[in-house]
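Following: one structure in structure tokens, then a few remarks.
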Amino acid sequence: MRRNSAATYGSVTKSFHWLIAALIVTMIPLGIYAAGLPDADPWKPTLFSLHKTMGLFIFFTALARIVWAISQPKPAELHPDRKVETFVAALVHWLLYASLIVVPLSGWIHHAATTGFAPIWWPFGQGLPFVPIDDSIAHTAKALHIIFERVLVLSLLLHIAGALKHHIIDRDDTLRRMLPGHTEPAHLPASSHNSRGLAAPILAVGVYITAIATGAGLGLFSEDRIEAEALAEVDSAWQVQEGTLALTVTQLNAPVEGRFADWTAAINFDETPDADGRYGDVEVTVSIPSLTLGSVTSQAMGADFFNAEAHPTATYRADIIDGDAGYIAQGTLTIRDMSAPVTLPFTLQIDGDAAMMSGQTVLNRLDFGIGAGTQPTEGSLAHDVTLTVTLTATRATEGG
């Protein structure tokens with residue numbers, strides 16, 4: 001019997017129930033285990049990819065189950081006289097149905113609003129319509145995902161406890177009629193009915209609102225970042241008006257883009273080279289904690305990567321010389337406590353006292369010990385990092 005009856009559940013409903021149950025009891029421990037791994041563990045992205053992909057499979061399976069449930073009669077309650085117990089059971093079912101939608105959906109929004117770390121596997125995509133790449137959206141969705149997941153776990157435990165109570169203590173057919181095969185209850189009360197009132201779904205909404213408020217009180221919506229003092233202004237013959245200092249890393253064969261929000265550049269430049277062929281020099285100071293790098297920002301700040309807490313700034317000192325298609329900044333980049341020579345080709349357009357510069361180079365992260373201890377190979381994190389610089393500057397006036 002595929003369809004539900006007034007007495008029992010059909011095979012389609014049972015299949016949905018046990019498939020989703022198997023996925024949930026696999027996905028939740030998998031997510032907890034993956035979250036507990038060190039950020040630098042090479043297996044962490046793979047396990048999270050599996051967790052995310054299973055979550056989306058649950059999402060679409062739950063939607064199909066809800067559509068099917070709406071089209072089916074709900075088997076009558078076996079103990080309609082136990083009004084409190086019946087109401088609690090209805091409340092738990094509403095919480096479960098909602099959790100099967102909002103838990104994976106909030107996780108998907110978090111994934112779509114950021115870049116990097118554990119792509120979702122085929123056939124699901126990485127993005128969502130109307131969800132832009134935005135750190136604040138990603139952080140909010142992540143907090144909601146954590147909160148909703150807790151509601152799901154609590155609802156699931158209550159659901160299992162209720163089923164075991166019926167089976168072991170009451171010795172009725174509540175659990176049996178959800179087991180495979182055709183099971184008609186031995187006794188169906190003549191006055192049995194289905195509780196389809198609004199009280200249970202309204203209270204379920206209240207539970208979610210309370211859970212969100214509790215999460216906010218615990219600080220889940222607050223971003224945990226390393227705080228660093230803003231860099232002081234520097235004396236410069238050319239004063240930067242605006243600019244971008246961006247980097248692109250490759251994780252699991254996918255590009256992850258980020259940028260530093262706080263950096264300074266002391267630029268000395270003259271259109272006429274000196275006797276050594278130098279057009280000037282530049283000194284750049286970068287605030288490492290100002291980096292945003294998608295979902296791997298906190299990992300990038302860690303001890304095996306930028307180690308931002310111990311080394312909050314990076315510096316680049318270089319001479320400016322002629323290049324094949326413009327100019328070259330040739331000097332030394334220091335990140336953490338390690339230095340390496342870096343050449344940055346760039347183009348420059350000067351119009352009176354205004355200048356526009358654009359350049360790009362490729363660094364090897366191992367030259368600065370980044371990820372050397374935990375990810376020395378390119379299995380999940382490529383060695384090459386692309387650094388892109390664009391800026392506009394104006395010539396400083398005397399006394400300015």
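Specify the inter-centroid distance of region 158-183 and region 301-373, based on alpha-carbon positions, in whole Å. Between the Cα centres of region 158-183 and region 301-373 lies a distance of 65 Å. What is the helix-to-structure angle for 135-164, meaning the angle in degrees between its Cα long axis and the longest Cα principal axis of the chain, kept from 0 to 90 and rounded to the nearest 10? The helix 135-164 is inclined about 20 degrees to the chain.
With contacts taken as Cα pairs under 8 Å and at least 6 residues apart, the chain reaches a relative contact order of 14 percent. Each 10 Å bin from zero up to the one holding the largest Cα-Cα distance in the chain carries the following percent of pairs: 4, 18, 22, 17, 13, 10, 7, 5, 2, 0, 0.
Cβ-Cβ distance of Asn253 and Thr61, R₀ of 35 Å, FRET efficiency by 1/(1 + (r/R0)^6): the value works out to about 0.75. Label-to-label distance for Asp81 and Glu227 is 6.3 nm, based on points extended 7 Å past Cα in the beta-carbon direction.
Can you give the log10 of the normalised intensity I(q)/I(0) at q = 0.10, 0.13, 0.15, 0.25 Å⁻¹, computed with Debye over equal Cα scatterers of region 31-114? Computed log10 I(q)/I(0) values: -0.41, -0.61, -0.72, -1.21.
Computed from label points 7 Å out along Cα-Cβ, the spacing between Ala35 and Thr347 is 4.7 nm. Taking Ala275, Ala372, Ala216 as the candidate residues, the one with maximal mean-square fluctuation in a Gaussian network model of the chain, Cα springs under 10 Å, is Ala275.
For the chain, modelled as a GNM whose springs connect Cα atoms under 10 angstrom apart, the maximal fluctuation among Ile335, Ile168, Ile20 occurs at Ile168. Rounded to the nearest 10 degrees, the inclination of helix 83-112 to the longest alpha-carbon principal axis of the chain is 20 degrees.
Each of Ala246, Leu344, Thr292 was scored by the projection of its Cα onto the charge dipole of region 238-395, and the greatest displacement toward the positive side belongs to Thr292; charges sit on the C-beta of Lys, Arg, Asp and Glu. Based on Cα contacts under 8 Å between residues 6+ apart, region 11-217 shows a relative contact order of 25 percent.
Pairs of C-alpha atoms in region 1-58 farther apart than 13 Å represent 65 percent of all such pairs.
Computed over region 238-395, the P(r) curve from all C-alpha pair distances, binned at 10 Å from the origin, holds 10, 40, 32, 15, 3 percent per bin.
Here the alpha carbons of region 11-217 define both size measures, Rg and Dmax, at 18.9, 62 Å. If you run the Gaussian network model on the chain, springs between alpha carbon atoms under 10 Å, then out of Ser290, Ser358, Ser71 the most flexible one is Ser71. Relative to the dominant Cα principal axis of the chain, helix 44-70 is inclined by about 40°.
Taken about its Cα centre, region 238-395 carries a charge dipole of about 480 debye when Lys and Arg each add +1 at the Cβ and Asp and Glu each add -1 at the Cβ. Counting 0.36 nm for each residue step from Ser15 to Leu198 and taking away their Cα separation leaves a gain of 63.1 nm. For region 324-371, relative contact order (Cα pairs under 8 Å, six or more residues apart, normalised by length) works out to 33 percent. For the pair Asp235 and Glu283, the difference between a 0.36 nm per residue extended length and the Cα-Cα distance amounts to 16.2 nm. Placing unit charges on the Cβ atoms of the charged side chains and taking the dipole of the chain about its Cα centre, the candidate lying farthest along the positive direction among Gly162, Tyr327, Ala34 is Gly162. Each label point was placed 7 Å from the Cα along the Cα-to-Cβ direction; for Arg150 and Ala7 their separation is 4.5 nm. Under a model in which nothing but the beta-carbon of Lys, Arg (+1) and Asp, Glu (-1) is charged, the chain shows a dipole of about 3740 debye around its Cα centre.
Multiplying the residue separation of Thr210 and Asp172 by 0.36 nm and subtracting their alpha-carbon distance yields 10.3 nm. Within a straight-line Cα-Cα reach of under 23 Å, Lys74 can be paired with the following lysines, leaving aside sequence neighbours fewer than 8 residues apart in one chain: Lys14, Lys83, Lys165. Within the same chain, lysines fewer than 8 places from Lys52 are excluded, and of the rest, those with a Cα less than 18 Å from its Cα are Lys44, Lys142.
No lab work stands behind these numbers, since they all come straight from the coordinates. Please read these numbers as outputs of a predicted model, since none were measured by experiment. For neighbour counting, all protein chains shown are included, and Cβ atoms are generated from backbone atoms with ideal geometry for every residue, glycine included.
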